[in-house]
1. Restricting attention to the stretch 542-567, and to residues there that are touching a residue at least 40 places away in the same chain (Cβ under 8 Å) and of a type in the set (Ser, Thr, Tyr), which single residue is nearest to Thr501 (Cα to Cα)?
2. For a quick check of your reading of the model, give me the residue pairs whose first member lies in the stretch 209-237 and is without any contact (Cβ under 8 Å) to a residue 40 or more places away in the chain and among the hydroxyl-bearing types (Ser, Thr, Tyr), whose second is part of a helix (DSSP H, G or I) and open to solvent by 40 Å² or more (accessible area, probe 1.4 Å), with beta-carbon atoms closer than 8 Å and at least 6 apart or on different chains.
3. Within the stretch 441-461, which residues are crowded, with 17+ Cβ neighbours inside 10 Å and part of a loop (DSSP other than H, G, I, E, B)?
4. Tyr420 is checked against (1) open to solvent by less than 60 Å² (accessible area, probe 1.4 Å); (2) under 30 Å from Asn297 (Cα atoms) and fails just one. What number does that condition carry?
5. Quick one: Val204 ticks every box in (1) closer than 24 Å to Met65 by Cβ; (2) out of contact with any strand residue (DSSP E or B) (no Cβ under 7 Å at 6 or more places or on another chain); (3) among the β-branched types (Val, Ile, Thr); (4) in a helix (DSSP H, G or I) bar one, so which box is it?
6. Please tell me if Gly348 is of a type in the set (Gly, Ala, Ser) and buried (at least 19 other Cβ atoms within 10 Å of the Cβ).
7. So which of Gly311, Gly332 is under 20 Å from Glu270 (Cβ atoms) and in contact with a Pro (Cβ under 6 Å, 6 or more places away or on another chain)?
8. Could you tell me which numbered condition Lys273 fails, if it satisfies all but one of (1) more than 21 Å from the chain's Cα centre (by Cα); (2) open to solvent by less than 10 Å² (accessible area, probe 1.4 Å); (3) closer than 16 Å to Met65 by Cα?
Amino acid sequence: MKSRLFTIVALTSGMTSFAADFNLKVNLSDSIRQVTHCASGSLYGVTEQYPVDINAMIGPLKCRMFCQPGAGGQGNQHPYGDAIKVAERLKNTDAQVQITLPDILPNWPYKWPGLNSWLSQVEECVRRKKASGLDNYHSYVIWNEPDGTWNNSNGDFYSTVWKPTYEKLREMDPDMPLVGPAISYYSEERMDKFLKFCTENNCVPDIICWHQWGSSGIPGAVENIKKLEKKYNLPDLPICVNEYCAGSNAELQKFEGCPGYSVPFIAKFERYKIESATISWWFTQYPGRLGSILTANNEKGGGWHLYKWYGDMEGYMASVTPPNDKSEGLDGFAAVNKKMREASIVLGGNNTGSVDVTIDGIPEWMGSEVEVTTEVVTWENKDKAVAGPQTLATDIYTVNNGKIVVPVNVTSKLYAYRLYITPGEVVPRSPFLDKALSIPGTIEAEYFDNGSAGVAYYDKDKQNRGEGYRLETGVDVYTIKDKPNEYAVGYAQNEEWLDYTVNVEKEAFYDITATLSSGGEQSGIQLQLDGENITEMLQTAPNDNDWESYLETKTRTLTKLPQGEHTLRMNIVGDWINIDKFVFVEYDPTAIVDVDANESQTFEIYDSMGRKYGEITSSQVDISTNLKEKGFANGTYILKSTKCVLKVIVD
């Protein structure tokens with residue numbers, strides 16, 4: 001149920017709506033930078049086997065980068081996660097692959113084989129990378145945690161490893177960015193020594209790198225590296241944090257991927273314009289779990305849903321000011337997407353209590369009222385599956401001088417919360433393109449009526465995941481592959497619906513051909529006219545996860561469609577189905593068709609709600625008896641064959 005909240009005069013003077021424990025300040029008009037999803041990715045988060053479904057588990061997260069070993073097999077540091085093989089698996093996602101070269105070697109700490117052998121193995125890795133023909137590589141990490149994995153008895157690290165490897169890579173693959181020093185935690189002393197050597201020996205990395213344990217140290221580390229860059233007359237180098245977690249001890253490692261602990265990391269990475277960052281990998285028995293945001297059983301945990309919120313962000317990242325930037329406490333990150341007419345704010349951290357989220361700079365295009373949906377994603381432990389976010393409230397706020405204040409009760413430091421903001425104005429339903437769609441004729445699925453959610457359509461996920469069409473709505477409309485000007489409604493879930501204003505030119509029965517791509521045997525659509533069912537459930541064979549594979553299915557209307565203007569509703573039955581179009585052709589049921597009642601036919605079986613229950617081969621004479629023998633309960637069923645449609649009563 002929505003409530004309507006009015007901003008009081010006190011808000012304009014900076015007062016909060018109640019005596020909150022914390023205040024989080026957001027300015028939606030202050031852009032930090034365009035959305036990059038810099039913090040989405042993980043160390044050894046993908047293997048040759050896991051996650052099994054790349055499209056479902058990684059695609060929605062829009063991951064920036066995964067840090068993977070230069071070789072994964074027997075004799076290497078890890079027998080899995082080979083960067084080149086993983087790049088192949090990720091080639092159809094947004095993610096890039098960072099190649100960690102020392103993982104070519106065996107053991108931990110790494111067993112140094114001597115310079116000649118090392119460079120030979122590096123050359124082989126580069127050749128494999130080039131031979132792959134892929135372009136989704138991020139960079140090379142020359143060495144990993146030299147402060148703990150390099151034995152000084154092998155020589156000086158900088159001159160023995162860094163400089164020769166740097167020069168070899170520049171020779172073989174000059175356009176690929178080089179990353180270093182990848183120290184195990186930020187140390188001014190170590191970073192100073194590294195940059196001094198690099199500037200004196202012409203081997204400065206393209207991207208500076210360290211590992212981060214706890215988010216409170218990020219502001220200080222960034223401040224310090226900028227000071228050192230000035231000291232050595234270096235430009236602002238991009239920063240990569242290719243391992244991050246609440247801590248490096250066992251007590252804090254268990255929070256790897258936890259939503260509440262992850263929010264301050266993402267917030268600070270965005271605030272300080274980090275180029276890329278990857279979640280750590282403390283639970284080495286479980287590679288390919290995306291930094292513990294998937295459970296040991298490869299299910300979505302609470303962390304996955306937090307990073308899905310992050311992946312949903314498009315447009316620009318907006319300014320967020322926490323109570324204490326140099327702490328592990330309450331923090332947040334926000335994005336504004338004008339094209340989709342939405343903004344979102346995610347908050348969490350090592351605090352509990354009441355929070356006033358003061359949202360300033362609300363864009364004028366959002367109007368004088370905004371709708372704010374407050375959601376929470378829970379977390380118990382890394383191996384506890386979480387079905388998804390829970391909605392706590394949906395309220396309408398009046399905007400006063402570009403500002404509102406939204407109260408959030410943070411009940412657990414393990415949880416993350418989201419405020420999803422859209423214009424509050426309700427747009428009435430009207431025909432798309434200002435004209436009713438004709439029956440008979442073709443109705444494209446994406447031609448549903450104009451109007452607000454709940455008026456012209458219902459979509460469980462309020463955000464539009466589409467690709468450039470009907471972006472003003474929350475309906476996911478996708479371009480059909482190899483058909484740039486043709487679209488389909490996708491990611492449709494059970495109980496969602498779309499309304500169409502139609503004009504039935506003649507009272508008649510109609511044949512209907514629907515073009516669908518179905519994700520499961522129980523997925524389909526059902527059509528209604530003015531609230532009355534006119535079809536059983538229409539479905540096709542499952543697409544075996546090939547969402548570019550569309551099939552046709554045919555039916556006839558159950559009744560005559562009355563002439564004139566009406567509302568056609570397409571109801572979604574079951575989860576995950578894409579709908580391209582449905583075509584209406586007039587049918588004359590008075591035409592005489594000879595059907596032998598004793599002839600055996602194959603019938604599809606539907607209940608009165610249009611749900612398909614399978615198939616049966618039978619004659620019309622024996623059909624009721626055969627259904628009962630197969631265990632069908634008493635009731636009315638619709639049976640459809642290529643020759644006829646029957647209404648059968650089992651009693």
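1. For the stretch 542-567, the residue satisfying everything is Thr567.
2. Listed pairs, sorted by first residue: Tyr232/Lys196; Tyr232/Thr199.
3. Phe448, Asp449, Gly451, Ser452, Ala456, Asp459
4. (2)
5. (4)
6. Working: of a type in the set (Gly, Ala, Ser): yes; buried (at least 19 other Cβ atoms within 10 Å of the Cβ): yes.
So Gly348 passes the test.
7. Working: Gly332 fails: in contact with a Pro (Cβ under 6 Å, 6 or more places away or on another chain).
Answer to the selection: Gly311.
8. (2)
The values are calculated or read from the model by the stated rules, or taken from the named source; none is laboratory data. Model, not experiment: these values are computed from the prediction. Quick reminder, even Gly has a Cβ in these numbers, built from the backbone with ideal geometry, and neighbours come from all protein chains shown. Just so you know, the surface numbers come from the protein's heavy atoms only, side chains and all, with ligands and any DNA or RNA stripped out. Shrake-Rupley method; radii C 1.70, N 1.55, O 1.52, S 1.80 Å.
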